[in-house]
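The values are calculated or read from the model by the stated rules, or taken from the named source; none is laboratory data. Since this is a predicted model, take the numbers as computed values, not measurements. Cβ: placed from backbone, ideal geometry, glycine included. Neighbour counts: every protein chain shown. Please note that ligands, DNA and RNA were not included when accessible areas were found on the heavy atoms of the full protein model with its side chains. Shrake-Rupley method; radii C 1.70, N 1.55, O 1.52, S 1.80 Å.
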Amino acid sequence: AGEGLLVVSTSTTLVAFEGDTTPPTLTFGAPSPAPNSAGWNKTPVDLSFTTADDLSGVQSSDPASPLHFTAEGANQTQQVTVTDNAGNTATFTSPAINIDLTPPSSTAVIPGASQDQEWFSGPVTVTLDATDNLSGVKPGSHFRLDGGGPFLIFGSFFITSAGTHTLQYASEDRAGNLEAFKTRIINIDPEPPVTSAVVSGILGTNGWYRSAVQVSLTATDNLNAVVGSFYRIDGGVTQTYAGPFALSTQG
């Protein structure tokens, strides 16, 4: 008749006991720290919550507030079970949390060249590529050339002047992790070396020698190291220069 309300009369008091069959409620707060505009955090996140029960009151929550998200991952959630003093329980799932703790990894790519080749004979086109395991790479890459910048580049850029260039580059992911700048040395030498031939023997007149001669080749380059010299005699086979050689045939 009392629809769950038990009324007990004593000599001095009228006591009413009401049953509690309604589970408690839970309200999640905002993540701390708040995610960036892309919905990602680059540090661990705490998520607080409050519980309520209008009748018997909240006895416990498992786990307690706040929830701690410490590992990186996308769409991470946790569950909270709340119990009131009447024994009613309810389980709630938290909002999704995205955490990326690892910066991306960049590579400086020079098309048409072996990636361990650091000498080039003309202008160099550099493309910065990057990968990221979670949040993805934020558009654009940062680079410094010969101590300038840093500059933000979308796509490729060119290095044209001769000499030794120090390229530093890095990328950022959508969570805001910026990798440490990497360094690559790029050398551009657009001019070939210069070779001179020194001839020794018994010199006569009008440019003629009266004996067999010995020929020595010397090569210089203003930027790069000379790796080899070559010669042909009277249009013959190209030979690799290994040291002074003799010419003894008349003509």
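Read through the list (1) on the phi < 0 side of the Ramachandran plot; (2) open to solvent by less than 60 Å² (accessible area, probe 1.4 Å), then give the number of the only condition that Gly39 fails.
That leaves (1) as the condition not met.
Name every residue in the range 103-132 that is part of a loop (DSSP other than H, G, I, E, B) and modelled with pLDDT under 95, in order of residue number. Before you say what the answer is, go through the steps one by one.
Going residue by residue through the range 103-132, those that are part of a loop (DSSP other than H, G, I, E, B) are 103-104, 110-118, 121-123, 132.
Passing the criteria: Ile110, Pro111, Gly112, Ala113, Ser114, Gln115, Asp116, Gln117, Glu118, Ser121, Gly122, Pro123.
Of all residues in the range 42-75, how many are in contact with a Leu (Cβ under 8 Å, 6 or more places away or on another chain) and at positive phi?
Here the count works out to 1.
Where in the range 19-101 are there strands (runs of 3 or more DSSP E), lying wholly inside it, with at least 1 residues that are free of Cβ contacts under 8 Å to residues at least 60 places away in the same chain and under 30 Å from Asp173 (Cβ atoms)? Working first, answer last.
Details: elements: 25-32, 45-52, 58-62, 67-69, 73-76, 79-84, 89-93, 97-99.
Strands (runs of 3 or more DSSP E) meeting the threshold: 25-32, 45-52, 67-69, 73-76, 79-84, 89-93.
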